[in-house]
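K.L.:
Starting off with a structure, shown below.
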Amino acid sequence: MSEDHFVPFNFSDADDVGSESKLPIKIGDLLVQSTMVDQETLDSCMALCIKMHVPLGRILAMEGHLAEDLLGKALEIQELIRTNALSVPNGITALKLVKQQALTIEEAVARVNALPTAAGVKASRLGDLLRESAAAQQKQIEKALIDGINASLPLGQVLLNRGIITIDLLNSALMGLRMMRDGIASRSQILQALRSARLRQLPLVQPLIEMGIIEEDPYPYSDIGYLMFLSGLINERELISAREIEVTEDKTVDEALISCGFCSEKSVTALNELLNMLMEGALQEDQAIQLLKKLETVDWEIPKVLEALDQEEEYEEEELEVGELLKVTGCIHPEDLEIATSRSLKKRQPLATSLLESGFITQLTLDGANALKSLVAQRILNLEQARTLLAYCHENDVEVGAAIKDFDWLPPAMN
């Protein structure tokens, strides 16, 4: 059963009184109880389908009350209930998850199969780990599982919100699940380390290093989730939510971020492009963060991102040298430089243009700063000489050449 497979909308005219009456739940009741449609809408569509002799599914779709893909998934859930693969309550809950969180049938069924039953909690990777490490009690986990479904929140976030676990402990538990998945440590080793981490209020990595299981953090900065967090596009709790979906539902971090609604397919492509550039050394971390903040303004277009990178590097060279030179010599006030820098980035123009447009410096001073920067780069003058000369040019309204002659700093070869 794949995400794109839908059971045909084969509602018959006897849809609600014939063969469907033998099913554990009628499709109409399933749609209403899962909040796909309300009772009033169902009643009016039922009356219309009987009058027009048209299947109920077609009426619901034609009237715009329910998309065909959701109708197909409702029928899949009904079939799972009919074959006893799902109970009626779990089927209703699964269909709610499909609608509210855009999950596939498989993902929704996996979620509800983790809910507590009369026999206790079923397989919940995070819940089992927290319970066995004495970080949370079984009843707390059971209630959090159920409430998490209703609130569309993962288990860890519910426990965190209720103060049952800390954000550091949740991070450690999720890292433990990830290391178990990747074969880095066994379940017993993770449980032992997690208990130690909880009691000593340490990150999971520390006890594992002490135990000789690992030598260093096996997951250094290496994915777009952390990059988004550093850039302020998501907060720490949102990042942890994505991590929880990643390790408990066997998704990639990209899939988890999309599932949580933090990314689109298009933005994931752009984010990974930036990440690759960062990992290859083509970008520094602060450059990547600045560009990432601007990605949304160019609709996550990779060519525009790369163009922004080229322009950013051009501006940065000027700001770090000419701008700093103007500031330390007193030719421009630091606050004026900040204003001009902000304008240059906003208007995507050189800093010099913004400085001149704002009236913060004259063309003579700017020409002097550029000339002195070049002389320093050629090692004809040192930085201290350049600062002194620029201050002199600015205060006396003279050109650099004249100032150099006044100070007699021109090398013999240039006389």
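The values are calculated or read from the model by the stated rules, or taken from the named source; none is laboratory data. Quick caveat, the model's predicted, so the values are computed rather than measured. Cβ placement follows ideal geometry from the backbone for every residue including glycine, while neighbour counts extend to all protein chains displayed.
K.L.:
Which ones in the range 114-147 are modelled with pLDDT under 85, among the β-branched types (Val, Ile, Thr) and assigned to a helix (DSSP H, G or I)?
P.N.:
ILE146
K.L.:
Could you check ILE92 against (1) under 18 Å from LEU30 (Cα atoms); (2) at pLDDT below 75; (3) among the β-branched types (Val, Ile, Thr) and say which number it fails?
P.N.:
It fails just one condition, (2).
K.L.:
Considering only residues that are within 21 Å of LEU257 (Cα to Cα) and either crowded, with 23+ Cβ neighbours inside 10 Å or of a type outside the set (Gly, Ala, Ser) (or both), which ones fall in the range 123-144?
P.N.:
ARG125, LEU126
K.L.:
Mind listing just one residue for me: the one in the range 384-411 that is within 16 Å of VAL328 (Cβ to Cβ) and exposed (fewer than 14 other Cβ atoms within 10 Å of the Cβ) and, of those, farthest from the chain's Cα centre (by Cα)? First the steps, then the outcome.
P.N.:
Applying the first criterion (within 16 Å of VAL328 (Cβ to Cβ)) to the range 384-411 yields 384-395.
Adding the requirement that they be exposed (fewer than 14 other Cβ atoms within 10 Å of the Cβ) leaves 384, 395.
Values: GLU384: 46, GLU395: 51 Å.
Within the range 384-411, the match that is farthest from the chain's Cα centre (by Cα) is GLU395.
K.L.:
Still on this structure, I have one more. Of all residues in the range 353-382, count the ones that are under 24 Å from GLN290 (Cβ atoms) and at pLDDT below 75.
P.N.:
0
K.L.:
Just checking, does the range 308-316 include any residue being assigned to a loop (DSSP other than H, G, I, E, B), closer than 22 Å to TYR226 by Cα and at pLDDT below 75?
P.N.:
Filtering the range 308-316 for residues assigned to a loop (DSSP other than H, G, I, E, B) gives none.
Within the range 308-316, none of the residues are assigned to a loop (DSSP other than H, G, I, E, B), closer than 22 Å to TYR226 by Cα and at pLDDT below 75.
K.L.:
Filter the range 52-89 for residues that are within 13 Å of PRO24 (Cα to Cα) and either polar (S, T, N, Q) or within 30 Å of the chain's Cα centre (by Cα) (or both) and give the result.
P.N.:
GLN78, THR83, ASN84, SER87
K.L.:
Residues that are out of contact with any Phe, Trp or Tyr (no Cβ under 7 Å at 6 or more places or on another chain) and surrounded by fewer than 16 Cβ atoms within 10 Å (Cβ to Cβ): list the helices (runs of 4 or more DSSP H) wholly contained in the range 156-266 that include at least 3 such residues.
P.N.:
Fully inside the range 156-266 and qualifying: 167-181, 187-200, 205-210.
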